[in-house]
Structures are given as C-alpha cells and as structure tokens.
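A short write-up of the structure that comes next.
What follows draws every value from the coordinates through simple rules; no lab data is involved. Just so it is clear, the structure is predicted and the values come from calculations on it, not from any experiment. Every residue, glycine among them, receives a Cβ derived from its backbone with ideal geometry; neighbour counts consider all protein chains shown.
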Amino acid sequence: MNRTALDEKRIAQIREIFTHVPYAHFIGLELGEIRSGEATIHLKVRDDFRQNQGVVHGGVIASVIDTASAFAVVTQLEQGDRVTTTDLTIHYLRPVTEGEIRAAARIVRSGRRLFVISVEVWDSRQALIATAVTGYIKLK
C-alpha cells in the first residue's frame with residue numbers, strides 16, 4: 001500500500017471525483033480531510049434524517065461510514081481502478097439527534113485487491129457515536 005503523502009494535484013483529483021458522486025450530493029455529504037489511506041466525511045443532521053423516535057436513522061450513519069471508507073480507498077487507487085464494498089459491520093454507540101456527524105476512515109490492511117478499513121464516527125460534541133469495520137474489493 002502506498003502510504004506516502006498525497007500531493008496537492010492528487011488531493012484536487014480526489015476532491016473532483018467526490019463532486020461526481022450523486023448520492024453524496026443528494027444527502028449533503030461533505031469531503032473533509034484527505035491523507036494517504038485516510039478520509040473524513042461530514043454531514044449536517046437534517047429533520048428528514050430522523051426516524052420516528054427523533055434519532056438519526058442508522059442508514060444515514062452507514063452512508064457516511066461507507067463514503068468515508070470509499071474515499072480512504074480512493075487515495076490508494078490508480079486511474080481506472082474501480083472498487084465496491086464487500087461488507088460493513090457497524091456498532092452504534094450513541095444516538096444522534098442534531099448537529100453534525102463526522103466519520104474518519106483509515107485503511108488498516110490492503111492487499112492486491114482487498115482493503116480493510118476502520119471507521120470512527122463522532123458527533124458535534126466530540127462523542128464517539130459509532131465504530132465500523134468495512135471491506136472493499138477492486139473490481140476486475
């Protein structure tokens with residue numbers, strides 16, 4: 001795995017890739033910090049993200065996790081490589097009802113085709129609200 005620092009040109013390319021993700025735009029995801037093998041995603045909580053008990057729906061948190069993971073992996077890809085999620089295990093630790101959600105993803109293992117990513121999700125008060133481990137595979 002390439003853990004060397006990303007240059008400004010590569011960071012700009014990754015940010016450009018993010019602008020072309022329709023689902024990210026649809027729910028309002030924002031790309032934060034990008035480093036080699038790492039990425040953060042931010043999302044402001046909206047009323048339509050809450051389930052009937054007033055808590056942010058777990059699927060919204062899963063979307064933030066999955067997107068952060070994907071962009072951690074993107075930092076390691078070459079042009080033309082494509083990947084997809086193979087699995088996602090989430091531990092929801094605290095409910096979120098307002099503010100912002102921030103997911104920080106970090107590749108913990110990569111092979112020729114498989115990536116394993118660890119993710120922590122924080123709320124606006126810096127409380128850990130979820131942890132996850134996910135896998136990605138390069139498509140042929």
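In table form, for the structure just shown:
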| item | result |
| --- | --- |
| Segment 38-83: relative contact order as a whole-number percent, Cα under 8 Å and 6+ apart | 48 |
| Environment charge of residue 94, counting only residues whose C-beta is closer than 13 Å and scoring Lys/Arg +1, Asp/Glu -1 | -2 |
| For residue 83, net neighbour charge (Lys/Arg +1, Asp/Glu -1) across residues whose Cβ lies under 10 Å away | +2 |
| Sequence-distant aspartates and glutamates (8 or more away, or on other chains) whose Cα lies within less than 18 Å of residue 44 | 30, 33, 66, 98, 100, 120, 123 |
| Loop-located trypsin sites (Lys or Arg not before Pro) in segment 70-128 whose Cβ has at most 13 other Cβ within 10 Å (DSSP) | 82, 112, 113, 125 |
| Radius 14 Å from Cβ of residue 30, net charge of other residues (Lys, Arg +1; Asp, Glu -1) | +2 |
| Derived scalar couplings ³J(HN,Hα) [segment 47-55; Karplus, 6.51 cos²θ - 1.76 cosθ + 1.60; whole Hz; x for Gly, Pro] | 4, 6, 8, 8, 7, 5, 9, x, 9 |
| Hydrodynamic radius of segment 8-138 per Kirkwood, over alpha carbon pairs, in Å | 14.8 |
| Sequence-separation-based contact order of segment 8-138, relative, with Cα cut under 8 Å and 6+ spacing, percent | 24 |
| Rounded to 10°, Cα long-axis angle of helix 58-74 versus longest principal axis of the chain | 20 |
